[in-house]
Amino acid sequence: MKTMTLIKGVKVVNGSGKPPFQAEVLLKDDKIAAIGNFPTKKADLIIDGLGSYLLPGFIDINTDSDHYLSLFTNPAQKDFLAQGVTTIIGGQCGSSLTPLVYGTLESIRKWTDTNQVNVDWHTVSEFFKALSRVKLGVNFGTLVGHSTIRRALVGEEIRKLTAQEIKVFKRLLGEALEQGALGFSTGLSYAHSRQTPYDELKELVDIVAKNNAVYTTHLRDEREGLVAAVNETLKIAHETGAKTVISHLRPIIGYEKDFDEALRMVNESSSHIEVYFDIYPFDVSIVPVYVFLPLWAQNGGLEIMNENLKSPSVRERIIKDLAPLHKDNIVIGQAPNAPYWVGKTLGQIAENQSLSLPEALLRIMSVTQLRALLIYKNLNMEFIKKAILGPKSLIASNTASLPPQGQGFSEKSQTIKHERFTNTFPKYLRDMENSNVVLEDAVKKITSKPAEVFKIKNRGLVKEGYFADLVLWKDGKVQATFVNGQMAYEEGKFMDSPAGQIIKR
């Protein structure tokens, strides 16, 4: 039996950039059946959208619900639904949940406790089968993580891959893409990937290009070496022809000139290559605590780094080499073994324990065994606004959907949600309105454009025959969210009808 829903009285912003138009939209099961005027049409559910805009569901191209394992522990993904997001993409920054050569999840340990889930898959196809049993609230697609495969091949060792290892890597990547992964990601600023040679990256991205997939990269350096890192990315895009997205391009305070030059390079890149970047409309980064260690101390995996922290001489050298810290710019977002620190600033912890700021940071590292997550106010908001308005920007939250009590490393762990977790897309739309960007242009950047870049079929537009991923938008707020024809959220209430689907290339 087919289910029919009629949405009346709305102005449709269809996602293509076309101006809004008045229409009624008829949904049949999971698709948009018709757009027009249906004064006598009967339906199982009739929604009066008077005064509202009807938009395509938003596509968040850089999310962490896989990294936190909340796809399994919190499959409703309500934080996304409440802000109009109907499709999310994981596997970012070099870490994915598949393919798993040995069935282990080392590459996501910086985010969460990997013991939360019993892994019963290896390949992408097996992973999708396992995930389909979970009943997700949103649509989900994944990239293949560079570090996920690399660490399976060489463990915690940091070295060049052999010719045979490269051959195996290319085979695993090709098979993953054939089985429906949307692309390939690298996390080149993280300890295990920072020294990855260019030639290795190029060979792997060649496979991405041959499969007409997407390459995304967390840059090798976001400070002094930002311009060089962007130049490396543009070079790979040019030499391979792979469609490329720079992950969370950020104007770190103190490096605005470098960011401005990097932004110019991307926006003015050759028409022969297709390069974008994703960005969020907030001035904070959410980072694992170990990234504050000097580069020389970020070696050998968490176990070795934790052992090194026990050495007084190593601690003394770390404190000497730490970047300048500000007492109010770092807030503890998640602290395994120390939930009482969550929500506190670095300055508050230092004062409470009679420590200097560097000593307090090392205390946090030691107690949490380098698994704390920090909310770090380190970005220049004016440069973010400028970047968002540019032609190559895509919007992404770079967050996970977590349950209200927090999805942490144990039942006793707590997590605080920055506004990035819950309000990225509504804030973006309101910011665009305040910047005099017409709604249809703002909507295109978060609907049909990401669908086009990642080749997500039949989504991103309000169009007959497309999947009915839809958002009712009124007075700067999400009024309702539909996922595959099912109402999932309405005016603060969530429906117990998970309708998310697996997105395959």
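The values are calculated or read from the model by the stated rules, or taken from the named source; none is laboratory data. Just so it is clear, the model here is predicted, and its values are computed rather than measured. Note: ideal-geometry Cβ built from the backbone for every residue, glycine included; neighbour counts use all protein chains shown. Ligands, DNA and RNA are excluded from the accessible area calculation, which covers all protein heavy atoms including side chains. Shrake-Rupley method; radii C 1.70, N 1.55, O 1.52, S 1.80 Å.
For region 11-32, a tally of residues being open to solvent by 40 Å² or more (accessible area, probe 1.4 Å), in contact with a Leu (Cβ under 8 Å, 6 or more places away or on another chain) and in a strand (DSSP E or B) returns 1. Listed residues 59, 89, 46; which is among the aliphatic types (A, V, I, L, M) and modelled with pLDDT under 95? Result: 46 is the single residue among 59, 89, 46 that is among the aliphatic types (A, V, I, L, M) and modelled with pLDDT under 95.
Could you grab me the full set of residues in region 235-268 that are touching a residue at least 40 places away in the same chain (Cβ under 8 Å) and either closer than 19 Å to residue 376 by Cα or more than 21 Å from the chain's Cα centre (by Cα) (or both)? Within region 235-268, 247, 248, 249, 250, 251, 252, 253, 256, 259, 260, 267 meet the criteria. Per the conditions (1) outside any loop (DSSP other than H, G, I, E, B); (2) within 18 Å of residue 392 (Cα to Cα); (3) open to solvent by 10 Å² or more (accessible area, probe 1.4 Å); (4) not basic (Lys, Arg), the sole criterion not satisfied by residue 230 is (3).
For region 433-466, residues that are within 20 Å of residue 386 (Cβ to Cβ) and either open to solvent by less than 10 Å² (accessible area, probe 1.4 Å) or in contact (Cβ under 8 Å) with a residue 60 or more places away in the chain (or both) total 5.
Residues are listed down the side, and each one gets a yes or a no for (1) in a loop (DSSP other than H, G, I, E, B); (2) under 26 Å from residue 429 (Cα atoms); (3) open to solvent by 10 Å² or more (accessible area, probe 1.4 Å):
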residue: 54; (1), (2), (3): no, yes, no
residue: 65; (1), (2), (3): yes, yes, no
residue: 72; (1), (2), (3): no, no, yes
residue: 87; (1), (2), (3): no, yes, no
residue: 97; (1), (2), (3): yes, no, no
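Here residue 408 meets the list (1) open to solvent by less than 40 Å² (accessible area, probe 1.4 Å); (2) at pLDDT 95 or above almost entirely, failing just condition (2). Here residue 50 qualifies as farther than 24 Å from residue 456 by Cβ, open to solvent by 10 Å² or more (accessible area, probe 1.4 Å) and not hydroxyl-bearing (Ser, Thr, Tyr).
Scanning region 337-360 for residues that are touching a strand residue (DSSP E or B) at 6+ places or on another chain (Cβ under 6 Å) and of a type in the set (D, E, K, R) yields a single hit, 344.
Restricting to helices (runs of 4 or more DSSP H) lying wholly in region 132-225: which have 3 or more residues that are without any contact (Cβ under 8 Å) to a residue 12 or more places away in the chain and open to solvent by 10 Å² or more (accessible area, probe 1.4 Å)? The helices (runs of 4 or more DSSP H) meeting that bar are 163-178. One residue stands out among those in region 34-52 that are assigned to a strand (DSSP E or B) and among the small types (Gly, Ala, Ser): the one that is nearest to the chain's Cα centre (by Cα), which is 34.
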